[in-house]
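Student: Below are the structure tokens for one structure; questions will follow.
The values are calculated or read from the model by the stated rules, or taken from the named source; none is laboratory data. Just so it is clear, the structure is predicted and the values come from calculations on it, not from any experiment. Here Cβ is always computed from backbone atoms with ideal geometry, including for glycine, and neighbour counts include all displayed protein chains.
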Amino acid sequence: MKRRCWFVLCLSRLRTLYDGILFVSRSAGGWSPLDTDRYQWLQVDLGSRKQVVAIVTQGRYSSFDWTSKYRLLYSDTQKNWRPYLQDGNIWTFEGNTNSEGVVRHELQHAILARYIRFIPLDWSREGRIGVRLEFYGCSYWADVISFDGYGVISYRFRSKKMKIMKDVISLKFRTTAGEGVLLHGEGQQGDYISLELRRARLQLSINLGSNQYGSIQGHTSVTSGSLLDDDHWHSVVIERYRRNVNFTLDHHTQQFRTNGEFDNLDLDYEISFGGLPVSAKPSSGGKDNFVGCMEGITYNGDNITNLVRRKKVDTSSFRNLTFSCAESNSFPVFFNSTSFLRLLGQSDSDTLSVSLSFRTWNPHGLLMFTALADGWVEVGLMEGKVTVYMNVTQKKNARIDISSGSGLNDGQWHSIHLNALENYAMLTVDGDEASTVRTAIPIQIQTGGTYYFGGYFLHTNARSLQRSFQGCMQMIHIDDHLADLRAVEQGLIGTFENVSLDMCAIIDRCVPNHCEHGGHCSQTWDTFNCNCSGTGYTGATCHTSLHQQSCAEYQHQGKSSGSYWIDPDGSGSIAPFRVSCEMAGERVWTILKNNLSPQTSVSGADQEGKAVLQIIYNVTDEQVLSVTSSAESCEQYVAYACRMSRLLNSPDGTPFTWWVGRANERHSYWGGSGPGIQKCSCGIEHNCTDPKHYCNCDADLRTWREDAGLLVYKDHLPVSQVVVGDTSRAGSEAKLTVGPLRCRGDRSYWNAASFTSPASFLHFPSYRGETSTDISFYFKTSSTHGVFLENLGSTGGLHIELRGSVIFFSFDVGSERMELSVRSPAPLNDDQWHRVEAEKNIKEAVLQLNGQYREVRPTPPQGHAKLEFYSDLYVGASSGQRGFLGCMRALKINGVIFDLEERAKTTSGVNPGCQGHCSSYGMHCRNGGKCVEQYNGYSCDCSLTAYDGPFCTDDVGGYFETGTLVRYDFLPELGLFALQETKSRSVVGIPSEANLTKEELVFSFSTYSAPSILVYISSRTQDYVAVVLRHNGTLQIRYSLGGLAEPYTIDIDHRNMANGQPHSVNVTRNLREIQLQLDHYPVSTYTLPEASDTQFNLVKSIFLGKVFGEYVAETCALVFNPATGCHPPSNWFLRFLVNLNENWKNGIISMVIFTVLCIMVFVIRHMFRHKGSYHTNEAKGAESADCADAAIIVNDPAFTETIDESKKEWFI
């Protein structure tokens, strides 16, 4: 191709150009057709093929005539017109709104043609169609070669064998054939490159060589384009450097990497264009040569078409070499949903013969209808099959149905031929006589002579229920005669409505495939649909991930440890993958397992004495990197067990063993050490078996030793290979362990920034999105208004904003501005975290708030240029609007995390990080757990609860055996300030004058033992509260608050609670009223007698499992059977929480007591942190005591004051 001078075409001398501004001559008028309707067009002959890059329009001078919308068609030959396409659609240009304004459009893709048709679609309502226009572009010229299916261009290399590392091949082709080889080259070693048409799609196949064993195959095949047999020019460029290939077809580029492990393309002798050379291997045969035209063929800088013209290459296989492109005889007809074509045939004939070719995407549609003298015949598509219905009214509405073919709505050309004569009908599809369907006809037919094609005439004929046909037809034969459609175009024969003649405007909406992440694309004439099943994504284009980005996000949804799918880059190119998530308190670990079993024996050394162990993970390298790059830290356990097998040798010597990590880098340090330090853990800690060596295994002993530890330098992880070099000696043995890769946290999930001024914003450099663009982030604010982010690019500008309780998302699609909004039923300025997710793609736009409130709207069919962030992307507002005030985190656009913290460090008015996570996530801390703020997140403090775990949901309890107890004492005479100083100790004090008038006791237990003492709360007076199981397993609660001769008892006699099942008890007292709830049963209310005191005086100790105090003997006598002795419960489990409150005159004592008892629970929690059991030797004096508890009292003379610390029994 050669570019010549720049040209400007002014139509009919209507206007002249001066400094880029159109000035109108007073004598100029413009084009205005006599009739103003949808059938008008203006055809421009550019004189020769030109490359048109822009069009400028204006209305007719000094009139009310202009064109407000129009389309462009173009052709080289005034036949087979092609509509201008953009963004995969027949493009509609926005024209003028008055007669004097100038509207210019730069074409996204240049038009290469000689003839251009201007098609008005809409015009002035005050006048008529009118236009003045100019085209801008370049002259164009190229050598054209016609291929007849026999001729092949053989381009011989300068040397017999070529070892090529870099290739650049380009050509243009035009054909009506769906099969054919465009280029082919091969070598004796199995290398090849081939470009061929298959079912009107272009397939590029490359093989740079397979390895000698055949385990690594080099064959790579990529397919592009569709409907390439449309007799229009298509451009192909192939660029290869080593294994990286760019394959461009008509401005759409696919990038891929060839298989195998070689970089050079080894070809022998030649490369051919138009078919296979004579020297091609037999295995390459059986393929059709190319039929059509090519131009601009270049191979690595050589202009092949020019060499052919100069007779510098072999063209001997051509029968008749021509340098022009012959016109096609086809005359396609394009039908939309409101089209039909009426043609005439013979009437009163006893033979019906109709044939045609069609192509469509719709599974249904009426192809042909004709009325008979008695009935009618219709040919259509039904579920992708050709069906023929013959309705013969003379035979009492006898209906004859025949069908043939399948999947004929695939966009390819298909032919049908229907013959009905004498007493049978015959249907043939795609010329396959073997599949011809034949059926009997009850009577002789008689034709009516009028044939309708396309189906829209049915609004005047209700006898058929078929839908209108959308697609193309050609080669229409009636009574075995080819219909002269050019005469139809000239109005000489037939009639038509809304039919486009001499063009086929079929569009493959699945090429390029807008269904992302492997989604399957299917289409009809008007639209496409994506099946996202099995992809891990959802949405109209399979763009949105179904999975969370990390284990941290699952944890903050309240999930527990387990196996989960994660998608770190969301809608990005990395596929979701399964990991193990370990929620270990505040820390969240992501675990990636490998195939190496622990203690794997090392064997199979090569000739150099090296044994190589490959460590294979269940994820790809890219997926591993997505985890490690966002993690706060990573670690991997490695262990080398050895017997006469040395590991690292010495810090300065050559290591016997090394491991390979990320990026195939070799490392010679071991677990417990670090990069650059060729030592093991024992060498760092100076405790190796032999002090002369820095690894245990380097001592080379005959006994088993081990070097183990953690590798923690995450940029080197994971371990992908271990090379062991000292196992080939006699007696040498080694066993290797490589644990899973463990990575902690997710920095991107909590990557946050605080905006402190409405004028503050974060500016990010240029960034380019895709046709589908998604944005997600979290925010929290106390402000009612603010701009979250905006892009001020030249095209595709977007804007997300908060206004009151509504989130707005707006963006440009072509010349239109779309806006979506979602309203929250609750205020959004509540200083809690909210999540915004916005997506726009070629089919729809979605805005979602907090995962539940959403709006979905279809997007316009055209104008979907890739979203550009070429100018600036602002987080906040930079255009003078009120910016966002508050915190924003986890901003992600198209799978890319934006580092808000790093940018905030250098931006005024914005601070890195954000506080206040507990206001949004505090509800996840259950059972009284306290939410604790952290710089980038939060944690749950369970120390004042009877629960454990990251969200205080795991029970903390104790397992008691005979002779075990837990006791908790309160120190007397300590005030509030002393309390604050001693709150971390095992005993705390309360004011001695505190008298409780209300308390709450909550615990759960399970046991088979009865009788048993569950809980006993003592005082420094005679007061106590006890909860016991009687000999029959029933529950008894006793209050002794003074004033009564005997304790007040509550007996629950209706069930045995010593049945091994878990039971919960809640006892609440307020003055004389006692409320009791057992398990799920209703609350029961009891009242202390009037004579009873209402104050629980001077609380001293709480006992679980055993009882101390001066009423021990009495308690034993009442609970235990004296005949069998007095024993504490055996093998029982308890979870315990107590809350005691006292209403004192100033309210201070109640707060102190509540705090003290909560601290007591903290101590109990730590005593019960690990479930298990322990044994205690019985105290001396047990034989003479009333019960086991009394035995301890007898043995402890100082009990009345306190228990010596050495005699306390703690469950730890």
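Yes/no matrix, rows are residues, columns are (1) crowded, with 16+ Cβ neighbours inside 10 Å; (2) in contact (Cβ under 8 Å) with a residue 12 or more places away in the chain; (3) within 28 Å of residue 173 (Cα to Cα):
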{"site": "51", "(1), (2), (3)": "yes, yes, yes"}
{"site": "54", "(1), (2), (3)": "no, yes, yes"}
{"site": "58", "(1), (2), (3)": "yes, yes, no"}
{"site": "63", "(1), (2), (3)": "yes, yes, no"}
{"site": "72", "(1), (2), (3)": "yes, yes, yes"}
{"site": "101", "(1), (2), (3)": "no, yes, no"}
{"site": "104", "(1), (2), (3)": "no, yes, no"}
{"site": "113", "(1), (2), (3)": "yes, yes, yes"}
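Student: Then there is this: Out of the range 730-746, which residues are more than 20 Å from residue 618 (Cα to Cα) and either surrounded by 17 or more Cβ atoms within 10 Å (Cβ to Cβ) or at pLDDT 90 or above (or both)?
Tutor: Residues satisfying the conditions are 732, 733, 734, 735, 745, 746.
Student: Could you check residue 1058 against (1) small (Gly, Ala, Ser); (2) without any contact (Cβ under 8 Å) to a residue 60 or more places away in the chain; (3) more than 18 Å from residue 1080 (Cα to Cα) and say which number it fails?
Tutor: Tallying (1) small (Gly, Ala, Ser); (2) without any contact (Cβ under 8 Å) to a residue 60 or more places away in the chain; (3) more than 18 Å from residue 1080 (Cα to Cα), residue 1058 fails exactly one: (3).
Student: Go through (1) crowded, with 22+ Cβ neighbours inside 10 Å; (2) at positive phi; (3) charged (D, E, K, R) one by one and return the number of the condition residue 186 breaks.
Tutor: Of everything listed in (1) crowded, with 22+ Cβ neighbours inside 10 Å; (2) at positive phi; (3) charged (D, E, K, R), residue 186 misses just condition (2).
Student: Filter the range 805-824 for residues that are touching a residue at least 24 places away in the same chain (Cβ under 8 Å) and not in a strand (DSSP E or B); which is surrounded by the fewest Cβ atoms within 10 Å (Cβ to Cβ)?
Tutor: 815
Residue by residue, here is whether (1) over 51 Å from the mean Cα position of the chain (by Cα); (2) under 26 Å from residue 230 (Cα atoms); (3) of a type in the set (Phe, Trp, Tyr) holds:
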position	(1), (2), (3)
316	yes, no, no
321	yes, yes, no
325	no, yes, no
333	no, yes, no
337	no, yes, no
340	no, yes, yes
343	yes, yes, no
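Student: Quick check on the range 729-751. Is at least one of its residues outside the structural domain of residue 828 (by TED's automatic domain parsing), without any contact (Cβ under 8 Å) to a residue 24 or more places away in the chain, outside any loop (DSSP other than H, G, I, E, B) and within 30 Å of residue 613 (Cα to Cα)?
Tutor: no
Student: With the condition being at pLDDT 80 or above and charged (D, E, K, R), I'd like the strands (runs of 3 or more DSSP E) fully within the range 905-1010 carrying at least 2 qualifying residues.
Tutor: 998-1006
Student: Let me ask you something else. How many residues does the range 1078-1103 contain that are without any contact (Cβ under 8 Å) to a residue 40 or more places away in the chain, over 16 Å from residue 1036 (Cβ atoms), within 60 Å of the chain's Cα centre (by Cα) and in a strand (DSSP E or B)?
Tutor: Summing the residues that are without any contact (Cβ under 8 Å) to a residue 40 or more places away in the chain, over 16 Å from residue 1036 (Cβ atoms), within 60 Å of the chain's Cα centre (by Cα) and in a strand (DSSP E or B) in the range 1078-1103 gives 1.
Student: For residue 590, work out the one condition from (1) out of contact with any strand residue (DSSP E or B) (no Cβ under 8 Å at 6 or more places or on another chain); (2) surrounded by 17 or more Cβ atoms within 10 Å (Cβ to Cβ) it doesn't fulfil.
Tutor: (1)
Student: Checking the condition under 29 Å from residue 503 (Cα atoms) and free of Cβ contacts under 8 Å to residues at least 40 places away in the same chain, which residue from 383, 295, 378 passes?
Tutor: Every option except 383 fails the conditions.
Student: Still on this structure, I have one more. Cβ-Cβ under 9 Å, sequence separation 6+ or interchain: first residue in the range 550-566 and of a type in the set (Asp, Glu), partner surrounded by 19 or more Cβ atoms within 10 Å (Cβ to Cβ). Which pairs?
Tutor: Close Cβ pairs satisfying both conditions: 553/566; 553/746; 553/749; 553/890.
Student: Picking from 505, 605, which residue would you name as being in contact with a Pro (Cβ under 6 Å, 6 or more places away or on another chain), part of a loop (DSSP other than H, G, I, E, B) and not aromatic (Phe, Trp, Tyr)?
Tutor: None of the other options fit; the residue is 505.
Student: Same structure again: Residues that are over 30 Å from residue 504 (Cβ atoms), among the aliphatic types (A, V, I, L, M) and surrounded by fewer than 21 Cβ atoms within 10 Å (Cβ to Cβ): does the range 337-348 have at least one?
Tutor: The answer is no; no qualifying residue exists.
Student: Quick one: would you say residue 145 is in contact (Cβ under 8 Å) with a residue 12 or more places away in the chain and surrounded by fewer than 21 Cβ atoms within 10 Å (Cβ to Cβ)?
Tutor: Against the criterion (in contact (Cβ under 8 Å) with a residue 12 or more places away in the chain and surrounded by fewer than 21 Cβ atoms within 10 Å (Cβ to Cβ)), residue 145 does not qualify.
Student: Run down 272, 235, 347 and say which single residue is small (Gly, Ala, Ser) and either closer than 24 Å to residue 161 by Cα or touching a helix residue (DSSP H, G or I) at 6+ places or on another chain (Cβ under 9 Å) (or both).
Tutor: Step by step, each of 272, 235, 347 is checked, and only 272 is small (Gly, Ala, Ser) and either closer than 24 Å to residue 161 by Cα or touching a helix residue (DSSP H, G or I) at 6+ places or on another chain (Cβ under 9 Å) (or both).
Student: Related question: For the range 825-854, what are the residues that are assigned to a loop (DSSP other than H, G, I, E, B) and surrounded by 16 or more Cβ atoms within 10 Å (Cβ to Cβ)?
Tutor: Across the range 825-854, the qualifying residues are 828, 829, 832, 833, 841, 842, 843, 850.
Student: Here's another thing I want to ask about it. Test of understanding: among 602, 638, 612, which residue is within 14 Å of residue 735 (Cα to Cα), at pLDDT 95 or above, in the same structural domain as residue 712 (by TED's automatic domain parsing) and not small (Gly, Ala, Ser)?
Tutor: Of the residues listed, the single one that is within 14 Å of residue 735 (Cα to Cα), at pLDDT 95 or above, in the same structural domain as residue 712 (by TED's automatic domain parsing) and not small (Gly, Ala, Ser) is 638.
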